[in-house]
Amino acid sequence: SCAFEYGCLQESLAIERYVRDIAPGFLALSPQQRAVDDMFAQIKEDILQGVEDRGAIRPPAAINATFAQYLRVLELFVPESGFVHGRTFPTGADLAVLVALRAGFPFAQALEAAHFDVATRYPKVDALAARTAAAPTVAAYLSKSKTFY
């Protein structure tokens with residue numbers, strides 16, 4: 001059953017923003033931090049458009065071009081250690097990176113199909129995904145997930 005007057009929420013950005021707006025830990029995020037989280041989430045969506053087409057993985061050349069274009073940008077924003085906003089827990093920006101690198105379809109499957117080595121090419125982005133996956137609440141979810149690799 002859906003908890004919304006007009007039915008179930010659709011579209012990942014709407015769902016991500018809704019969760020962010022009701023999650024107690026995210027309530028203290030500033031408007032600037034929320035904007036950065038939204039920017040990372042939109043980059044994740046842009047990557048999605050570049051690697052998947054109507055339920056199929058795009059050719060390796062397209063996958064490589066897409067990940068290179070967007071991970072190059074993210075590499076400039078992510079910290080060497082910790083999380084994007086310097087908090088003790090991941091926020092939307094960190095979670096968007098985790099999804100873009102580790103969610104099974106299409107992201108992880110596309111990276112594998114294209115033999116795209118994120119760890120070598122974009123080590124800060126790769127390390128952020130690993131730190132995010134290791135955060136206790138995220139790790140608990142991932143231990144039960146059937147959609148993350």
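The values are calculated or read from the model by the stated rules, or taken from the named source; none is laboratory data. Computed from a predicted model, the values in this text were never measured in an experiment. Neighbour counts run over all protein chains shown; Cβ positions are idealised from the backbone, glycine included. For accessibility, only protein heavy atoms count, side chains too; no ligands or nucleic acids. Shrake-Rupley method; radii C 1.70, N 1.55, O 1.52, S 1.80 Å.
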Given 12, 30, which one is farther than 22 Å from residue 111 by Cα and polar (S, T, N, Q)?
30
Can you find a residue that is without any contact (Cβ under 8 Å) to a residue 40 or more places away in the chain and under 12 Å from the mean Cα position of the chain (by Cα) anywhere in the stretch 74-93?
no
Whether any residue in the stretch 60-79 is at positive phi, out of contact with any Leu (no Cβ under 6 Å at 6 or more places or on another chain) and either open to solvent by 40 Å² or more (accessible area, probe 1.4 Å) or assigned to a helix (DSSP H, G or I) (or both) is what I want to check.
no
So residue 137 ticks every box in (1) more than 17 Å from residue 50 (Cα to Cα); (2) not in a helix (DSSP H, G or I) but one. Which box is left unticked?
(2)
Please list, ordered by first then second residue, the pairs with beta carbon atoms under 9 Å, 6 or more apart or interchain, first in the stretch 94-123 and under 21 Å from residue 84 (Cβ atoms), second open to solvent by 70 Å² or more (accessible area, probe 1.4 Å) and of a type in the set (S, T, N, Q).
96/42; 103/147
Say we look at the stretch 122-146 and pick out the residues that are open to solvent by less than 80 Å² (accessible area, probe 1.4 Å) and of a type in the set (S, T, N, Q); which of these is nearest to the chain's Cα centre (by Cα)?
132
Condition (residue is open to solvent by less than 60 Å² (accessible area, probe 1.4 Å), outside any loop (DSSP other than H, G, I, E, B), aromatic (Phe, Trp, Tyr) and under 21 Å from residue 94 (Cβ atoms)) applied to the stretch 12-33: is it met by at least one residue?
yes
Conditions (1) open to solvent by 70 Å² or more (accessible area, probe 1.4 Å); (2) not in a helix (DSSP H, G or I) -> residue 83 fails only (1)
Of all residues in the stretch 27-54, count the ones that are under 20 Å from residue 102 (Cβ atoms) and touching a Phe, Trp or Tyr at 6+ places or on another chain (Cβ under 9 Å).
11
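So is residue 119 closer than 22 Å to residue 65 by Cβ, open to solvent by 40 Å² or more (accessible area, probe 1.4 Å) and in contact with a strand residue (DSSP E or B) (Cβ under 8 Å, 6 or more places away or on another chain) or not?
Working: closer than 22 Å to residue 65 by Cβ: yes; open to solvent by 40 Å² or more (accessible area, probe 1.4 Å): yes; in contact with a strand residue (DSSP E or B) (Cβ under 8 Å, 6 or more places away or on another chain): no.
Considered against the rule, which asks whether it is closer than 22 Å to residue 65 by Cβ, open to solvent by 40 Å² or more (accessible area, probe 1.4 Å) and in contact with a strand residue (DSSP E or B) (Cβ under 8 Å, 6 or more places away or on another chain), residue 119 comes out as no.
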Taking the stated definitions as given, is residue 93 open to solvent by less than 40 Å² (accessible area, probe 1.4 Å) and either in a loop (DSSP other than H, G, I, E, B) or among the hydrophobic types (A, V, I, L, M, F, W, C) (or both)?
yes
